[in-house]
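Reviewing the structure listed below.
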Amino acid sequence: MLPLTSTPHQASTLRLAFLLALAICASNCRPRVLAPLREEEQRELARKIENALEAAGRSQVWIKSPVPLTSGKLETPVEARVGAEVYSKVMAALQREAKNNHLECAINESRTKAGWRVDDIRLLRYGTQVSRWEFHEVHRILHAAIIIDDLGGNLEAARQLLALPYSLTFSVLPHLRHSVETAEEARRAGHEVMLHLPMEPEADSHASPGKGEIRMGMTSFEVEHILQSDLASVPHAVGVNNHMGSRATADPRLMTLVMRSLAGHHLYFVDSRTTAASVALEAARQQGLPSFYRSVFLDDTETVPYTLGQLRQFRRVLEEQGTALAIGHPYPTTIAALAKFLPQLESDDVQLAPASRLLQLPELAHLKLSPRRTAVRIGNREQGRGNRE
């Protein structure tokens, strides 16, 4: 039987044990204080949120503006346009991401005259703003790409296109005087670069595709050799579209060899549709290449009114299909028309993106080729008749 009294040593030990337990309890019960986010952490948070929003809304989320941080403070909100069908889902994804990062979410919602939601969202930590977003609800987001062909010969025209604040895709001809420089400058400016691959035109054509041409009767070795040489003169190319090629693109055997070679270089393909008989798109899809086709040529006639009319036609195709791709050239008239029309295209909730981004959209699987017209020769190149679709 234990004694009812304790020795001084035992009492001291009990007191120490009690104080230690009390300290541990206090430590565990004290709320965790999170340090303020550094600027790089704010950027990383914005990237996490962007990924969460795009995962939730997929092609119906358009993050329009980058994260503008100055001295660790968010100056303006990151603007996102969100399709009506996924708006609630995307908002829930943002709130979930905020909670995962121990942030408060302050939302101020308003409505436009048309009834669309506009949400100003401030993400806070201990009352201090660490991120700000502005959601604009829209009917739906349309997806467009515009490829500018025949680059590499005129550096000044390329720089005028680079000065336009829009996501144009630069398709550069190989082995020209400014091919490398054009591709390098486009890449540095954040534009996507393609190889504008010369291919053999019809036998009665007086136009020459230029050096680095894919010709009828070539072997797989010859095709690969030409492609490697062409790619070496157009650095940073991530995709290919055909330059001319009304004869070559109609040949199933040759197109199979070309697409196998492109697949080996992990490139995508856009069929310029210089002939109604083209089998290039079908061959690309058979080889598993990300691929699409041109819907509208912008500048068969080199005048600003004509190109503006083609851009309006492009807008109509977008409305019908949800996704479309146009091809133009570095003419002064085309550059002037793009500068005039593209602001309106953007305000119509059309996301102008690099061609590769368009090719990632699930909607493409359901699109069929539009009715096509045969190719004609204009000047020194093969082109379409009218807006040859």
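The values are calculated or read from the model by the stated rules, or taken from the named source; none is laboratory data. Everything numeric in this text was worked out from a predicted model, so none of it was measured. No Cβ is skipped: glycine too gets one built from the backbone with ideal geometry, and neighbour counts run over all protein chains shown.
Scan segment 268-289 for residues that are of a type in the set (A, V, I, L, M, F, W, C) and closer than 20 Å to Glu200 by Cβ and jot them down.
Phe269, Val270, Ala276, Ala277, Val279, Ala280, Leu281, Ala283, Ala284
Residue-wise test of (1) surrounded by 12 or more Cβ atoms within 10 Å (Cβ to Cβ); (2) assigned to a helix (DSSP H, G or I); (3) modelled with pLDDT under 90.
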residue	(1), (2), (3)
Ala35	no, no, yes
Arg43	yes, yes, yes
Glu50	yes, yes, no
Ala56	yes, yes, no
Ser59	yes, yes, no
Trp62	yes, no, no
Val82	yes, no, no
Val90	yes, yes, no
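For segment 209-231, what are the residues that are among the polar types (S, T, N, Q), under 18 Å from Val172 (Cα atoms) and in contact (Cβ under 8 Å) with a residue 12 or more places away in the chain? Quick ask: steps written out before the conclusion?
Start the filter on segment 209-231 by keeping residues that are among the polar types (S, T, N, Q), which leaves 219-220, 228-229.
Next, only the ones that are under 18 Å from Val172 (Cα atoms) stay: 228-229.
Within segment 209-231, Ser229 is the sole residue that qualifies.
Here is a list of conditions, (1) touching a residue at least 40 places away in the same chain (Cβ under 8 Å); (2) under 23 Å from the mean Cα position of the chain (by Cα), and Arg188 meets all of them except one; can you say which number that is?
(1)
Does segment 213-230 hold any residues that are surrounded by fewer than 19 Cβ atoms within 10 Å (Cβ to Cβ) and not hydroxyl-bearing (Ser, Thr, Tyr), and which are they? It would help to see each step written out before you state the result.
As a first pass, look at segment 213-230 and keep what is surrounded by fewer than 19 Cβ atoms within 10 Å (Cβ to Cβ): 215-217, 219-222, 224-225, 228-229.
Of everything in segment 213-230, those that are surrounded by fewer than 19 Cβ atoms within 10 Å (Cβ to Cβ) and not hydroxyl-bearing (Ser, Thr, Tyr) turn out to be Arg215, Met216, Gly217, Phe221, Glu222, Glu224, His225, Gln228.
Limited to segment 88-136, what total is found for residues that are closer than 13 Å to Ala52 by Cα and of a type outside the set (Lys, Arg)? Explain how you work it out, then say what you get.
Restricting attention to segment 88-136, the residues satisfying the condition of being closer than 13 Å to Ala52 by Cα are 89-101.
Narrowing the set further to residues that are of a type outside the set (Lys, Arg) leaves 90-95, 97-98, 100-101.
Going through segment 88-136 one residue at a time, the tally reaches 10.
Just need a number here: residues in segment 279-330 that are within 14 Å of Ile146 (Cα to Cα) and outside any helix (DSSP H, G or I).
The number of residues fulfilling the criteria is 16.
Hey, which of the strands (runs of 3 or more DSSP E) in segment 102-157, taking only ones fully inside, have at least 3 residues that are without any contact (Cβ under 8 Å) to a residue 12 or more places away in the chain?
On the way: elements: 104-111, 117-125, 128-138, 142-151.
In segment 102-157, 104-111 are the strands (runs of 3 or more DSSP E) which contain 3 or more residues that are without any contact (Cβ under 8 Å) to a residue 12 or more places away in the chain.
For segment 108-137, what are the residues that are touching a strand residue (DSSP E or B) at 6+ places or on another chain (Cβ under 7 Å) and exposed (fewer than 14 other Cβ atoms within 10 Å of the Cβ)?
Asn108, Glu109, Ser110, Arg111, Thr112, Val118
Pairs only if they're at least six apart or on different chains, beta carbon under 8 angstrom, first in segment 331-347 and closer than 18 Å to Leu318 by Cα and assigned by TED's automatic domain parsing to the domain that holds Gln310, second among the aromatic types (Phe, Trp, Tyr) and surrounded by fewer than 20 Cβ atoms within 10 Å (Cβ to Cβ); list them, first residue then second.
Leu338/Tyr166; Leu342/Tyr166; Glu346/Tyr166
If you go through segment 297-343, how many residues are among the polar types (S, T, N, Q), in contact with a helix residue (DSSP H, G or I) (Cβ under 6 Å, 6 or more places away or on another chain) and either farther than 19 Å from Ser59 by Cα or surrounded by fewer than 19 Cβ atoms within 10 Å (Cβ to Cβ) (or both)? If you could, list the steps in order and put the result at the bottom.
Step one: of segment 297-343, the residues among the polar types (S, T, N, Q) are 301, 303, 307, 310, 313, 321, 323, 333-334.
If we keep only those that are in contact with a helix residue (DSSP H, G or I) (Cβ under 6 Å, 6 or more places away or on another chain) too, we end up with 303, 307, 323, 333-334.
Subset that is either farther than 19 Å from Ser59 by Cα or surrounded by fewer than 19 Cβ atoms within 10 Å (Cβ to Cβ) (or both): 303, 307, 333-334.
Residues in segment 297-343 being among the polar types (S, T, N, Q), in contact with a helix residue (DSSP H, G or I) (Cβ under 6 Å, 6 or more places away or on another chain) and either farther than 19 Å from Ser59 by Cα or surrounded by fewer than 19 Cβ atoms within 10 Å (Cβ to Cβ) (or both): 4 in total.
Among the residues of segment 242-261, which ones are surrounded by 24 or more Cβ atoms within 10 Å (Cβ to Cβ) and of a type outside the set (Val, Ile, Thr)?
Result: Asn242, His243, Met244, Gly245, Ser246, Ala248, Leu254, Met255, Met259.
Select from segment 188-210 the residues that are surrounded by fewer than 19 Cβ atoms within 10 Å (Cβ to Cβ) and at pLDDT 95 or above and write down the one among them that is farthest from His265 (Cα to Cα).
Only one residue fits best here, namely Ala189.
Of the conditions (1) within 14 Å of Asp150 (Cβ to Cβ); (2) of a type outside the set (Gly, Ala, Ser); (3) buried (at least 19 other Cβ atoms within 10 Å of the Cβ), Arg177 fails just one. Which one is it?
Condition not satisfied by Arg177: (3).
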